[in-house]
1. Gly55 is checked against (1) surrounded by 13 or more Cβ atoms within 10 Å (Cβ to Cβ); (2) modelled with pLDDT under 90; (3) part of a helix (DSSP H, G or I) and fails just one. What number does that condition carry?
2. Name every residue in the stretch 12-52 that is under 16 Å from Leu98 (Cβ atoms) and touching a Ser or Thr at 6+ places or on another chain (Cβ under 7 Å), in order of residue number.
3. Of all the residues that make up the stretch 75-95, how many are touching a Lys or Arg at 6+ places or on another chain (Cβ under 9 Å) and either buried (at least 18 other Cβ atoms within 10 Å of the Cβ) or at positive phi (or both)?
4. State the number of residues belonging to the stretch 82-104 that are within 10 Å of the chain's Cα centre (by Cα) and not in a helix (DSSP H, G or I).
5. I need the full set of residues from the stretch 18-27 which are in contact with a helix residue (DSSP H, G or I) (Cβ under 7 Å, 6 or more places away or on another chain) and surrounded by fewer than 18 Cβ atoms within 10 Å (Cβ to Cβ), in order please.
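The values are calculated or read from the model by the stated rules, or taken from the named source; none is laboratory data. Here the structure is a predicted model, which is why all the values come from computation and not from measurement. All Cβ positions, even for glycine, are placed from backbone atoms using ideal geometry, and neighbour counts span all protein chains on display.
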Amino acid sequence: MAMVEATAPAPTEKKATAGFVISLIAGILIIIHGLAYFVAGSMLVATPVGFAYSGIIYLIGGVCLLFGILVIIGAWLMYAGKTTPGGILVLLFGILSLFLGGGFFIGFILAIIGGALGLAGK
């Protein structure tokens, strides 16, 4: 009878699941906030004075969409095992989103928490 040695399972990649989920929610909130800017801009086009300001509102909405997409990419990087670059991406664009409304401010707070959890690897 041959003896078989039991070996420990190979270590898996570190996935920051909690950071991923929280950062994903933050990115979605920032995108929704950007879409709200587009809706507000389209309402302003109908007014004579608002027509002049609708372009800047569309620009702010587009930047919010970009920041939200980059936060979601950072969340995906955290889930893929690249916790440090993902956490930095989420933190950076979460903080920058604050200047444009921050996803109703809740998105900003969730991005900070999710990025910190991603950097911690949790």
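1. (1)
2. Selection gives Ile30 alone.
3. Adding up the residues that qualify gives 4.
4. Residues meeting the conditions: 1.
5. Ala18, the sole residue that qualifies.
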